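Accompanying notes for the structure given below.
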Amino acid sequence: MHAGQLRVPVGAVRALVAEQFPRWAGLPVRPVRAEGTVNAVFRLGEELGARFPLAPGDVRAVREQLRAEAAATRELRGGTRVPVPEPVALGEPGHGYPLPWSVQTWLPGATASAEDPGASPAFARDLAGFVADVRAVGTRGRTFSRDGRGGDLRRHDGWVRTCLRESGGLLDVPRLRRLWERLRDLPRTAPDAMTHGDLVPGNVLVRDGRLAGVLDCGGLGPADPALDLVAAWHLLEAGPRRVLRRELGCGDLEWERGRAWALEQSLGLVWYYAVTNPVLSRTGRRTLERVLADEDATAGAVRPR
């Protein structure tokens, strides 16, 4: 999916596990077909999963990143009623794989890409509860300091322009451009709140139409509280989307900023992964369809100052 992407043969995973964690040497190792773009995932037995970063990087920097992700996940585990993975171990390079890697507990359930919960009001209430739990973790004085989504919408204008240029023939580019030019200037009035940062279908687990767990919690951190509202368009149809909004008590400005973040994220998914990750590309397209479907109902409700 990316230039220089690392290969992670299952034989190398077996050898690394047996050498570095002998207590798990007898567990079966199975590759997991996942739509994520950051890690190759392998199941170790029934209760564990191993994640191997796919992008080349500096060993020390990757190790620190994995430690930070584990710390963020533990912080979230202490503050939400929704299951999230428990960090278990940190592995080191070897057997041809050049980077550190991690082991977490395995959570049961299907991703929201495989088991679509979009029509379920009960799932929408579960999701609202998770977002509220994350916000309640508290920033403890921390503020947004990342380069990605969650700060100033206008800083993403160059990326959106790139996405629109690459999306000719794939999307209604003129309509999406007009919408972005309206949404990007919406004022930010709320202080930073804790956010998960990536509530896309591949990171959300579903069981019997209910929220069963949330994955990839390493992005937990302070950001625009509207950031996690991307889940409203990534995961929900119109009726349940209204349930989520009502449960969280979102005003017009916060809701529209959430739609702006969903637009910014989804534009990149459609064209960038059109060939290399069709599931993610379809996710982006569906989200944009929902974003545009809401435009007629919300246009004019909030105007930038």
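The values are calculated or read from the model by the stated rules, or taken from the named source; none is laboratory data. Predicted model, so just to flag it, every value in this text is computed and none were measured. Here the Cβ is made from the backbone with ideal geometry for all residues, glycine too, and neighbour counts use every protein chain on show. In case anyone asks, the SASA skips ligands and DNA or RNA and just uses the protein heavy atoms, side chains included. Shrake-Rupley method; radii C 1.70, N 1.55, O 1.52, S 1.80 Å.
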Among Thr139, Thr195, the single one that is in contact with a strand residue (DSSP E or B) (Cβ under 8 Å, 6 or more places away or on another chain), of a type in the set (Ser, Thr, Tyr) and more than 20 Å from Glu264 (Cβ to Cβ) is Thr139
| said: Any residue that is among the hydroxyl-bearing types (Ser, Thr, Tyr) and surrounded by 13 or more Cβ atoms within 10 Å (Cβ to Cβ) - is there at least one of those in region 141-151? | reply: no
Pairs returned, first residue in region 244-262 that is closer than 20 Å to Asp198 by Cβ and modelled with pLDDT of 95 or more, second residue that is part of a helix (DSSP H, G or I) and open to solvent by 40 Å² or more (accessible area, probe 1.4 Å), beta-carbon separation under 7 angstrom, 6 or more apart or interchain, are Leu248/Ala132; Trp255/Arg245
*Would region 108-124 turn up any residue that is without any contact (Cβ under 8 Å) to a residue 40 or more places away in the chain, farther than 24 Å from Arg257 by Cβ and not in a loop (DSSP other than H, G, I, E, B)?*
no
Residue hits (region 71-82; in contact (Cβ under 8 Å) with a residue 40 or more places away in the chain and open to solvent by less than 60 Å² (accessible area, probe 1.4 Å)) are Ala72, Thr73, Glu75, Leu76, Gly79, Thr80, Val82
Over region 165-193, the set of residues more than 18 Å from Arg155 (Cα to Cα) and assigned to a helix (DSSP H, G or I) is Glu166, Val173, Pro174, Arg175
Has region 86-96 got any residue that is under 18 Å from the mean Cα position of the chain (by Cα), closer than 30 Å to Pro240 by Cα and in a loop (DSSP other than H, G, I, E, B)? yes
Check: Does Leu227 count as out of contact with any Ser or Thr (no Cβ under 6 Å at 6 or more places or on another chain) and modelled with pLDDT of 95 or more?
Finding: no
Is it the case that Gly11 is within 26 Å of Met194 (Cα to Cα) and of a type outside the set (Val, Ile, Thr)?
-> no
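Here is a yes/no grid of residues against (1) among the polar types (S, T, N, Q); (2) farther than 29 Å from Ala112 by Cα; (3) modelled with pLDDT of 95 or more:
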{"position": "Gln5", "(1), (2), (3)": "yes, no, no"}
{"position": "Phe21", "(1), (2), (3)": "no, yes, yes"}
{"position": "Gly26", "(1), (2), (3)": "no, yes, no"}
{"position": "Val32", "(1), (2), (3)": "no, no, no"}
{"position": "Gly36", "(1), (2), (3)": "no, no, no"}
{"position": "Ala70", "(1), (2), (3)": "no, no, yes"}
{"position": "Gly78", "(1), (2), (3)": "no, no, no"}
{"position": "Val82", "(1), (2), (3)": "no, no, yes"}
{"position": "Pro93", "(1), (2), (3)": "no, yes, yes"}
Next item on the list: Considering every residue within region 217-228, establish whether at least one is within 18 Å of Thr111 (Cβ to Cβ) and open to solvent by 10 Å² or more (accessible area, probe 1.4 Å).
Entry: yes
Inside region 46-65, the number of residues satisfying the requirement of being under 18 Å from the mean Cα position of the chain (by Cα), surrounded by fewer than 20 Cβ atoms within 10 Å (Cβ to Cβ) and of a type in the set (A, V, I, L, M, F, W, C) is 2
Counted residues in region 83-136 being β-branched (Val, Ile, Thr) and open to solvent by less than 10 Å² (accessible area, probe 1.4 Å) come to 4
Of Val160, Val103, the only residue that is in a helix (DSSP H, G or I), under 20 Å from the mean Cα position of the chain (by Cα) and modelled with pLDDT of 95 or more is Val160
Filtering region 160-193 down to residues that are closer than 30 Å to Thr139 by Cβ, surrounded by fewer than 15 Cβ atoms within 10 Å (Cβ to Cβ) and not charged (D, E, K, R) yields Pro187, Thr189, Ala190, Pro191
Contact list, first residue from region 37-66 and more than 18 Å from Val17 (Cα to Cα), second anywhere and among the aliphatic types (A, V, I, L, M) and in a helix (DSSP H, G or I), beta-carbon distance below 8 Å, six or more apart or interchain, is Thr37/Leu280
